[in-house]
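Chemist: Pasting a structure here, questions to come.
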């Protein structure tokens, strides 16, 4: 089942490459939807009482070096797999109105990127994980560099160099651990990791790679450029899925393989997370470009996720996991909202708008819901994740939780200011008078995200239940539960 989930998009990419360009988008959309259906089947078959991996698939790959093909899913990865298989069909669906050049290449790259990200969340062999991790860079590099904005080459090269630099350190640590243990099997190393638990250098090698991807302050500078220059669907994928590769890696590798080093460095990393929360919020408020504002909001909101992870307790870790999903839904939705407007006006400068709610009432309503979800309004998903993270952080450091709570207030300031400038007041440009409200295709793009924002906000218990056994098993197995 997991191989099907992972490689259905790859098969779709091959078919797209062989078919006429007019068939590219329908095939890509069909392949991504099939992948989503199969992942739903896995969800329905998932046993939340089992703390370990389920649906495990294992085969020899390069046995002389202890490298295998191994996939598995647990409560830590299950929601990230579902998030990935949901977001890609939405991004491909939206692209139909936005991508009009080199369509075959674009949709093939989107499907290749889906396979790579799914492989990251499912791989249980460290070498296989690294292959998927590196493979995910290539499609995004071309999507930004070919279909992006005016500074797309600069943004794509910066994105690639930053991530490759961190990945090189991670590769060194993976090779050192694999050859030392005689296997690259993540389960086997985690069960017999006495030689690595307190290895600070190896911890840092993984941490820097994942910190760049999250991104954690001060490794964040590639993100605003990548978001601003990427096409809308690329920004949605980047925010909703690719950033989660970093936070997932922090849990799966740093916490699981280096629990002692995690315990020692947790106060320092929590401080970085709080700095990122406040810094991202303040810089977001200063932006005049709506897309750049949301990009810096990602720096702030991803700081909450890192804070929850390195609280090193069950409530903080579960809050971080649910917030990964929440951030994917709400920030991905905000990029879609901005994309709808950009396709009409070809500008994202907030000073050029004003009064749009009166002219586009449906658009204004959907935009307000996504803004409030990102702000963390009760009854919407953002509140659930951030509140639980603050609970976990407060148990460890009341000061960190207090400063992070200030970040929540600041997020309301910059996001509501964005809404006020764009949707309320008087129109500041006559070109706005010709704007039309959303069409049915655009509504269908954002509707699943809005529905899920309410579902998680009103009934989060099933989401927590599915991950609780795996989180408890990780904390108990590493000794972090005794912190």
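The values are calculated or read from the model by the stated rules, or taken from the named source; none is laboratory data. Everything numeric here is computed off the predicted structure, so don't read it as measured data. All Cβ positions, even for glycine, are placed from backbone atoms using ideal geometry, and neighbour counts span all protein chains on display.
Chemist: Which of the following residues is farther than 19 Å from residue 254 by Cα, at pLDDT below 90 and touching a strand residue (DSSP E or B) at 6+ places or on another chain (Cβ under 8 Å): 148, 66?
Modeler: 66
Chemist: Here is a further query. What number of residues in the stretch 256-272 are in contact with a helix residue (DSSP H, G or I) (Cβ under 8 Å, 6 or more places away or on another chain) and surrounded by fewer than 24 Cβ atoms within 10 Å (Cβ to Cβ)?
Modeler: Residues in the stretch 256-272 being in contact with a helix residue (DSSP H, G or I) (Cβ under 8 Å, 6 or more places away or on another chain) and surrounded by fewer than 24 Cβ atoms within 10 Å (Cβ to Cβ): 10 in total.
Chemist: Under the condition of being in contact with a helix residue (DSSP H, G or I) (Cβ under 9 Å, 6 or more places away or on another chain) and not in a helix (DSSP H, G or I), which residue from the stretch 90-118 is nearest to residue 32 (Cα to Cα)?
Modeler: Here the residue is 96.
Chemist: Out of the residues in the stretch 385-415 that are farther than 21 Å from residue 270 by Cβ and under 23 Å from the mean Cα position of the chain (by Cα), state the one that is surrounded by the fewest Cβ atoms within 10 Å (Cβ to Cβ). First the steps, then the outcome.
Modeler: Kept after step one, since they are farther than 21 Å from residue 270 by Cβ, are these residues of the stretch 385-415: 412-415.
Narrowing further to those that are under 23 Å from the mean Cα position of the chain (by Cα): 412, 414-415.
Values: 412: 16, 414: 24, 415: 25.
Per the stated criteria, the residue is 412.
Chemist: Which members of the stretch 416-435 meet the condition of being surrounded by fewer than 16 Cβ atoms within 10 Å (Cβ to Cβ) and either in a helix (DSSP H, G or I) or at pLDDT 95 or above (or both)?
Modeler: 416, 417, 420, 430, 431, 433, 434
Chemist: What residue, among those in the stretch 441-462 that are farther than 30 Å from residue 343 by Cα and surrounded by fewer than 21 Cβ atoms within 10 Å (Cβ to Cβ), is nearest to the chain's Cα centre (by Cα)?
Modeler: The extreme case among them is 460.
Chemist: If residue 295 satisfies all but one of (1) more than 15 Å from the chain's Cα centre (by Cα); (2) over 20 Å from residue 457 (Cβ atoms), what's the number of the condition it fails?
Modeler: Checking residue 295 against (1) more than 15 Å from the chain's Cα centre (by Cα); (2) over 20 Å from residue 457 (Cβ atoms), the one that fails is (1).
Chemist: Return the pair list, or none, for Cβ contacts closer than 6 Å from residues in the stretch 26-53 that are on the phi < 0 side of the Ramachandran plot and in contact (Cβ under 8 Å) with a residue 40 or more places away in the chain to residues that are crowded, with 20+ Cβ neighbours inside 10 Å and not in a helix (DSSP H, G or I), at least 6 apart or on different chains.
Modeler: 53/74
Chemist: Here are some conditions: (1) part of a helix (DSSP H, G or I); (2) touching a residue at least 12 places away in the same chain (Cβ under 8 Å); (3) exposed (fewer than 15 other Cβ atoms within 10 Å of the Cβ). Residue 58 meets all but one. Which one does it not meet?
Modeler: Among (1) part of a helix (DSSP H, G or I); (2) touching a residue at least 12 places away in the same chain (Cβ under 8 Å); (3) exposed (fewer than 15 other Cβ atoms within 10 Å of the Cβ), the lone unmet condition for residue 58 is (1).
Chemist: While we're looking at this one, here's another question. Report yes if residue 249 is buried (at least 24 other Cβ atoms within 10 Å of the Cβ) and either closer than 30 Å to residue 199 by Cβ or modelled with pLDDT of 90 or more (or both), otherwise no.
Modeler: So residue 249 does not fit the description; no.
Chemist: Are any of the residues in the stretch 214-222 surrounded by fewer than 24 Cβ atoms within 10 Å (Cβ to Cβ), in contact with a strand residue (DSSP E or B) (Cβ under 9 Å, 6 or more places away or on another chain), in contact (Cβ under 8 Å) with a residue 60 or more places away in the chain and part of a helix (DSSP H, G or I)?
Modeler: No, the stretch 214-222 contains no residue that is surrounded by fewer than 24 Cβ atoms within 10 Å (Cβ to Cβ), in contact with a strand residue (DSSP E or B) (Cβ under 9 Å, 6 or more places away or on another chain), in contact (Cβ under 8 Å) with a residue 60 or more places away in the chain and part of a helix (DSSP H, G or I).
Chemist: Only one of these is within 30 Å of residue 108 (Cα to Cα) and more than 15 Å from the chain's Cα centre (by Cα): 240, 230, 226. Name it.
Modeler: 230
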